[in-house]
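Below is one structure, written out as structure tokens; the observations come after it.
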Amino acid sequence: MRTLIQNSRVFTGDTVLPRADVLIDGTRIAAVRTGPDGDTDGLVDEVVDGTGKTLLPGLIDAHTHVADGDLALAVGFGVTTELDMFCLPNNLARQRALAGGSDAVADLRSAGVLATPPGGHPSRLLTPEALAFLGDSIDSFTPVASVADAEPFVEARIAEGADYLKVVFDDGTHSGEALPVLAPEIAKALVTAARAHGLKTIAHVWKAEDARIALDAGVDGLAHVYTDLGEGPEAEGLAARIASHGVFVVSTLVYIEAVTGGGGRELFADPLVGPRIPEHLRPGPAAASGPGRTPESARASAAIGLLHRAGVPVLAGTDATPFGPVHGAALLRELLLLTEAGLRPEEALRAATRAPAEHFGLVDRGRVAAGLRADLLLVEGDPTEDVRAPFHSRGLAPWCAPVPLSERKTAVSNHRFLKVGTGESRPTRVPLPPAFLVKASTEDTEGRLSVLEVVVARPIPRHVHHSADECVYVLEGELIADFEGGSHSLGAGEFVLLPHGVPHALRPGSTPPPRVLQLSSPGGWERVIEDMFAAGGPVAAGGALDPAALNATAEAHGITYL
């Protein structure tokens, strides 16, 4: 497939070309020409008119945490590569397989398991519910307790395929709790071991003192900007020291404003961005009248401006997670926050393209140049003058080596042909009873939907899906759907759509009980079932399903039984 994008403005990652033609051949950029229309080195299959538009490298988010569906969400907003900063092994294996096998999702690099002392951050976040959601075990989270642990820990990360090492420097002050921190000698041993194996080390910090300790250990980058030191002689001295060490800083301003209760609501209110954000990631009504920029956000923004002026490489990152900030969309907000911190629009774009590619060794992307991957965005307007252009671009068209977004459904469905026979089920994380057959999993459909064949043997209590629509097609028997005060009988061949946000209940209306095809969009329904059986506890009392017991698992998946 050879595609010629003509007459567009091009931000190369380095500079702006007022008008250029870019030829894409297969998965690579074949040529970038600024002269009059000329030879295309052969026939082209498609010509795209770039008049009035800007072509730029696919965006790179330099700080994320991925789970099922996140990579697909990211690429829809123009983020073509995510740099994950902590991912447990089972989840990481799924995400790597997805990124490696599909051009409908963002590409992925990851630190794998991060280095922290016993009980250190983020141990308190690894609840049974969180681990079940990720499909991982606490056994895969190995803390570092001594200098002797450093080399084996790094070797284990390399065995898992880690692309870099992340080390935590966080005493919990900002969250109001005292957490253990790595001893300086352990931190230095980790950095030394990583460097010996060719890995860069990225430090999680929150305070200026954390950054100083990380610098003493010899890290290559900071995964956050500090929030307690914005301007003044002390701040200037720290910025100069970071610059002298050649250390980069990942901004994560959008994360800081989110966790400190600052702004960010503009993203959800945007008419072209907001509707594409999953409902469970949107702020509630109370957030709409919350405070503006917090002192932490203001100091972090000032620190980024000071670091930039001191010559420190600033990389755009969001700390996006499955629960927010929103993968993809958050990076658009981050670009705006970087300009508010003092970067010119062109510099902010560089922080999300060339800069992370350069500092993380991604030599095949981050620029528009011959020979590189065709990870490209074509947007209306000129983001080198106003970084909000991608927000307001109805024509946002990511190419991911090099399938345009508008063509991905066909391309990806052809790539993912799947046939499941009668009585067969797709693989599940835990064994499920024969009453539950997974015909298409969330992973199979890249998060878009899940399809199960289910025997509804007993009443399913009234419940509400906060983000997923549920569709049921009756294969045999009779199903009763209770919805908005009415009861609806469905026989074989009949169908019902149960929209998210509206409580409903289901119950068998026949003996033997009905057999149905159950579809959830976006996907995730099979993970609810898996987690309920993995939990092993009783979910029924006196033969009836118990809403309280069900909620112990379901609420982590955006479902509440009433």
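What to note about this one:
- Any hit, the range 396-417, residues being assigned to a loop (DSSP other than H, G, I, E, B), under 13 Å from Pro57 (Cα atoms) and either modelled with pLDDT of 90 or more or of a type in the set (D, E, K, R) (or both): no
- Annotation note: of Ala178, Ala148, Ala162, the sole residue that is out of contact with any strand residue (DSSP E or B) (no Cβ under 6 Å at 6 or more places or on another chain) and surrounded by 14 or more Cβ atoms within 10 Å (Cβ to Cβ) is Ala162.
Let's see how each residue does on (1) outside the structural domain of Ala357 (by TED's automatic domain parsing); (2) over 22 Å from the mean Cα position of the chain (by Cα); (3) at pLDDT below 95:
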residue: Gly284; (1), (2), (3): no, no, yes
residue: Gly290; (1), (2), (3): no, yes, yes
residue: Ala303; (1), (2), (3): no, yes, no
residue: His308; (1), (2), (3): no, yes, no
residue: Val314; (1), (2), (3): no, no, no
residue: Asp319; (1), (2), (3): no, no, no
residue: Phe323; (1), (2), (3): no, no, yes
residue: Val326; (1), (2), (3): no, no, yes
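- Of the set (1) closer than 30 Å to Ser8 by Cα; (2) modelled with pLDDT of 85 or more, all apply to Lys439 but (1).
- Among the candidates Gly119, Gly112, residue that is under 26 Å from Ile60 (Cα atoms) and out of contact with any strand residue (DSSP E or B) (no Cβ under 8 Å at 6 or more places or on another chain): Gly112
- If the condition is being touching a strand residue (DSSP E or B) at 6+ places or on another chain (Cβ under 7 Å), within 18 Å of Thr15 (Cα to Cα) and modelled with pLDDT of 95 or more, then the range 355-364 contributes Ala355, Pro356, Ala357.
- Qualifying positions in the range 319-335 - farther than 14 Å from Gly58 by Cα and not aromatic (Phe, Trp, Tyr): Asp319, Ala320, Thr321, Pro322, Gly324, Pro325, Val326, His327, Ala330, Arg333, Glu334
- Residue identified as buried (at least 22 other Cβ atoms within 10 Å of the Cβ), among the basic types (Lys, Arg) and more than 22 Å from Ala352 (Cα to Cα) among Arg241, Arg157, Arg212, Arg195: Arg157
- Cβ separations smaller than 6 Å between residues 6+ apart or across chains give no pair from the range 497-513 residues that are within 17 Å of Glu478 (Cβ to Cβ) and outside the structural domain of Ile480 (by TED's automatic domain parsing) to residues that are crowded, with 19+ Cβ neighbours inside 10 Å and of a type in the set (Ser, Thr, Tyr).
- On the stretch given as the range 355-389, residues that are assigned to a loop (DSSP other than H, G, I, E, B) and under 20 Å from the mean Cα position of the chain (by Cα) total 4.
- Beta carbons closer than 8 Å, at least 6 apart along the sequence or on distinct chains, pair a first residue in the range 128-142 that is within 16 Å of His65 (Cα to Cα) with a second that is among the basic types (Lys, Arg) and surrounded by 21 or more Cβ atoms within 10 Å (Cβ to Cβ) for Phe133/Arg527; Gly135/Arg527.
- Residue satisfying condition, being within 21 Å of Ile202 (Cα to Cα) and not assigned by TED's automatic domain parsing to the domain that holds Thr442, within set Ala111, Ala74: Ala111
- Test: residue in the range 457-474 that is of a type in the set (A, V, I, L, M), over 30 Å from Leu4 (Cα atoms) and at pLDDT 95 or above: yes
- Restricting attention to the range 506-558, the residues that are assigned to a strand (DSSP E or B) and either modelled with pLDDT of 90 or more or farther than 25 Å from Ala440 by Cα (or both) total 13.
- Selected residue (criterion: farthest from Gly112 (Cα to Cα)) from residues of the range 161-187 that are out of contact with any helix residue (DSSP H, G or I) (no Cβ under 7 Å at 6 or more places or on another chain) and among the charged types (D, E, K, R): Glu177
- Single unsatisfied condition, Glu453 versus (1) modelled with pLDDT of 90 or more; (2) exposed (fewer than 15 other Cβ atoms within 10 Å of the Cβ); (3) acidic (Asp, Glu): (2)
- Against the criterion of being surrounded by fewer than 20 Cβ atoms within 10 Å (Cβ to Cβ) and among the aliphatic types (A, V, I, L, M), Val474 does not qualify.
- Counting the residues of the range 297-319 that are within 13 Å of Ala352 (Cβ to Cβ) and hydrophobic (A, V, I, L, M, F, W, C) gives 3.
- Leading residue by the ranking (surrounded by the fewest Cβ atoms within 10 Å (Cβ to Cβ)) among those in the range 76-119 that are acidic (Asp, Glu) and touching a His at 6+ places or on another chain (Cβ under 9 Å): Asp103
- Of all positions in the range 451-466, none carries a residue that is in contact with a Phe, Trp or Tyr (Cβ under 9 Å, 6 or more places away or on another chain) and part of a loop (DSSP other than H, G, I, E, B).
- Of residues in the range 209-264 being of a type in the set (D, E, K, R) and assigned to a loop (DSSP other than H, G, I, E, B), the one farthest from His327 (Cα to Cα): Glu231
The values are calculated or read from the model by the stated rules, or taken from the named source; none is laboratory data. Just so it is clear, the structure is predicted and the values come from calculations on it, not from any experiment. Counting neighbours? That spans all protein chains shown, and the Cβs are built from the backbone with ideal geometry, glycine included.
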